[in-house]
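One structure below.
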């Protein structure tokens, strides 16, 4: 493989995981920086209504992307196991099956979104004063779903073989282009929220096609040949199991968040706008833990394929310690600087909006250790060919979160605070279940 690829079955456990994880963390932080810049541009130049409209689409877009991302992550886990076992022929055949499968789902998903756009917005309880703006943004941004698939597929492939640097490089180009196009389309062309959407679509297209071309021309060992272009029943079953269970896990997770967004919307535009800003800050804060969990998953998968079980046990110990330390530090920082973080995106005169956002960040942000451990559990079970357990933990976490949010928010003395409180409760109960199952599970 190329020099940017890391063999995760060799070398120092902690050092190897961190060297592989850091580019993934940097990539998602870069993406979140773009999301924050997008929020900043829309909020300051287009106003609170535009901010609420674009922000309210965030959970829906994340849900749609999670379907593709889940499929790509699931197939990527299968690729990692086969790569660790040095079964390259089966890995290439699996890649072909996965590409056809995920591309088909993407086409169906894209068509469904355009056909059901208005019913989806009604289900999300979008207020009338931002309905038109939100629909305009969604209609444009959904043209980029296919490009998202291409990027995620090739990024997952490269990470599966130990290369987390190359996807970062192409993502960086895309983010810079996205911000530049945002400014041009909004400030120069005056396209409003549609300008922000088309900037996203065009930058997604550039990153997808350039990564595809790079993989084909610079990594000939990853090219598919005619003998690989066939469907095997066992491979189809393997890829379908990994991909759809991981996809289901990601979709359930984001469907739950989407349901919470609908509940948030029922509290009005101020709470919607506060939630929009706070969630972006929140996501940026714990994103490194999520990416480390995904890197940990690839580490476990390669060693699982190579049958290096002692290295897996060492990896678990190292990953838990690293995650606990990071999440504790981030929780303290977010609690202390919650108001300052809100003021980065909202005018100081918006006192009510800021107060709501600060409450969210201080309540939910105090418990990042819960979500950090949950990301490790998701990654571990996916890597050892038990993606169904990741689904179970997701259903527990999100099911409790949604149920408690609706129950607590309906109590007048609690109100919207109940939505924030429900989040960490769901995390910790799912953690407990996942750890109990892990202690009973024995690798060979």
- Message: Angle check, please: helix 417-440 long axis (alpha carbons) against the longest principal axis of the chain (alpha carbons), in degrees 0 to 90, nearest 10.
- Response: 20
- Extension gain, residue 317 back to residue 228 (0.36 nm per residue minus Cα-Cα distance, nm): 28.2 nm
- Query: Taking segment 23-76, how much of its Cα-Cα pair set, in percent, is spaced more than 16 angstrom apart?
  - Reply: 56
- In whole angstrom, how long is each semi-axis of the equivalent ellipsoid of segment 139-216, when you take the square root of 5 times every eigenvalue of its Cα gyration tensor and sort them from largest down? 26, 12, 8
- Report the convex hull volume per residue for segment 273-405, counting only C-alpha atoms, in Å³. 94
- FRET efficiency for residue 403 and residue 218, Cβ-Cβ distance as r, R0 = 45 Å, nearest 0.05? 0.35
- Query: For the chain, modelled as a GNM with alpha-carbon contacts under 10 angstrom, which of 57, 148, 188 fluctuates the most?
  - Reply: 188
- Which order results if 58, 88, 378 are arranged by neighbouring Cβ count within 10 Å, fewest first? 88, 58, 378
- For the Cα atoms of the chain, what angle does the longest principal axis make with the long axis of helix 309-343, in degrees from 0 to 90, nearest 10? 20
- Item | Mean projected area (nm²) of the alpha-carbon convex hull when the chain is viewed from all directions | 20.2
- Note on the structure: Across the alpha-carbon set of segment 173-323, Rg over Rh with Rh taken as the Kirkwood radius works out to 1.05
- Item | Alpha-carbon centroid distance for the pair segment 161-196 / segment 74-130, whole angstrom | 22
- Query: How would you rank 72-80, 131-139, highest first, on the average number of other Cβ atoms within 10 Å across their residues?
  - Reply: 72-80, 131-139
- Among 122, 62, 48, whose mean-square fluctuation peaks in a Gaussian network model of the chain (Cα, cutoff 10 Å)? 122
- Query: What list do you get for 226, 95, 362, 339 if you sort them by fewest beta carbons within 10 Å?
  - Reply: 226, 339, 362, 95
- Query: Looking only at segment 183-216, which residues have a backbone nitrogen under 19 Å from a spot 7 Å from the Cα of residue 169 in the C-beta direction?
  - Reply: 204-216
- Task: For segment 202-255, compute Rh as the Kirkwood radius over C-alpha pairs and then the Stokes-Einstein diffusion coefficient at 37 °C and 0.692 mPa s; write the answer in µm²/s, rounded to an integer.
- Result: 233
- Message: Output the 0 to 90 degree angle, nearest 10, between the alpha-carbon long axis of helix 128-141 and the longest principal axis computed from the alpha carbons of the chain.
- Response: 30
- Note on the structure: the chain, Gaussian network, Cα under 10 Å: of 307, 230, 280, the residue fluctuating most is 230
- Mean 1/r over distinct Cα pairs of segment 86-169, inverted to a Kirkwood Rh in Å, yields 15.4
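Readers should treat all values here as calculations from the given coordinates under stated rules, not as data from a laboratory. Fair warning: this is a prediction, and the values are worked out from it, not measured in the lab. Counting neighbours? That spans all protein chains shown, and the Cβs are built from the backbone with ideal geometry, glycine included.
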